[in-house]
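Undergrad: The structure that follows is given in the form of structure tokens.
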Amino acid sequence: MSLQSMTGFGRAVSNNAGTSIAWELKSVNGKSLEARLRLPPGFERLEQSVRQTIQKKFSRGNVQASLSVARAHAQTQPAVNEAFLQDVAGLAKRLEEQFGTAPATSDGLLSLRGVLEIPDAVEDEEARAELDAAILAALAGALDNLLASRRAEGDALGELLRGHLDAIATLGDRAESDPAREPAAIRARLQEQVRMLMNTGAPLDEQRLHMEAAFLATKADIREELDRLRTHVASGYDLLASGGPVGRKLDFLSQEFNRESNTLCSKSNAASITAIGLELKAVVDQFREQVQNLE
């Protein structure tokens, strides 16, 4: 399966018996799947079917779906709500007499909502069902286009994330082979620290001091962190290769990367290892930021 970004755009248009149908879909990041619909008046009946169709296609992301329906050659005539027109005309006349407002004009009165009505064309059940089917078919096409857009961006994100995993693996190798981790270098640092303590003149048990130094050296060892880091990198490659909705799993993995990089910095007893840990944290932050865009 391909990786999917949660951002994308899809559009589809069709025509049914002189009625123009157009869908526009936009998708952005979201913790779960949420569909926001904009349907023309009279087409609310399709809301449940539209939501179910979107849910079958995606598992995460905020999807905004807008439907436009334009009827050509509508055989309808505008109708004037005369009772309502008389009421607002009378109100306008009273305002003019009592407060000196400008007299109402015919075009101004007709522009008021509810005065001039354009009734919908009368449809029989068969024509309505045919139009609904055409609208849902156009939605399927728009969803296919949105899916293609999300997959294209998902492919690009996959390449970025693999690059970050490569960088994390390289930094782990650098920490593994850093000269500061050589036994001779560790021994030299400990000997220097012991020598400085012994030269303070304080009564210290030399044997106990060496035991404590050995304990601290063991505590500062980053072998386990490097092993876990290598395991997490392998898991990251596997998840990217498997495709599908792996965004949540990769986000959890980024938290594990962050934990190992923090521990590596806290246990470091050499400036070179600390520098690698800080660089590792920066790459992990970039990795996690990009992961937020994946389904």
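Undergrad: Quick one: count up the residues across region 10-29 that are surrounded by 15 or more Cβ atoms within 10 Å (Cβ to Cβ) and either in a strand (DSSP E or B) or of a type in the set (G, A, S) (or both).
TA: 13
Undergrad: Would you mind telling me which numbered condition in (1) buried (at least 16 other Cβ atoms within 10 Å of the Cβ); (2) more than 19 Å from P245 (Cα to Cα); (3) of a type in the set (V, I, T); (4) out of contact with any Pro (no Cβ under 6 Å at 6 or more places or on another chain) T53 fails?
TA: (2)
Undergrad: Hey, another quick one. I want to confirm something. Restricting to region 59-76 and keeping residues that are in contact with a helix residue (DSSP H, G or I) (Cβ under 9 Å, 6 or more places away or on another chain) and at pLDDT 95 or above, which single residue is surrounded by the fewest Cβ atoms within 10 Å (Cβ to Cβ)?
TA: My answer is L67.
Undergrad: Here's something else I'd like to know. List the pairs whose first member sits in region 78-105 and is more than 15 Å from E117 (Cα to Cα) and among the acidic types (D, E), whose second member is outside any loop (DSSP other than H, G, I, E, B) and modelled with pLDDT under 85, and whose Cβ atoms are under 8 Å apart, counting only residues at least 6 apart or on separate chains?
TA: As it stands, the answer is none, since no pair meets every condition given.
Undergrad: Further question on the same structure: Go through region 237-285 and give me each residue that's polar (S, T, N, Q) and surrounded by 16 or more Cβ atoms within 10 Å (Cβ to Cβ).
TA: Across region 237-285, the qualifying residues are S254, N258, S261, T263, S268, N269, T274.
Undergrad: Given the residues E117, E153, which is the only one that is loosely packed, with under 14 Cβ neighbours inside 10 Å and either in contact (Cβ under 8 Å) with a residue 24 or more places away in the chain or closer than 30 Å to K57 by Cα (or both)?
TA: The unique qualifying residue is E117.
Undergrad: Quick one: what pairs do we get from region 27-47, first residue closer than 15 Å to K57 by Cα, second assigned to a helix (DSSP H, G or I), C-beta under 7 Å, 6+ apart or different chains?
TA: S27/L146; S27/R150; L33/Q55; A35/R51; A35/I54
The values are calculated or read from the model by the stated rules, or taken from the named source; none is laboratory data. Because the structure is predicted, anything quoted here is derived from the model rather than measured. Because the Cβ atoms are built from the backbone with ideal geometry, glycine has one as well, and the counts that use them run over all protein chains shown.
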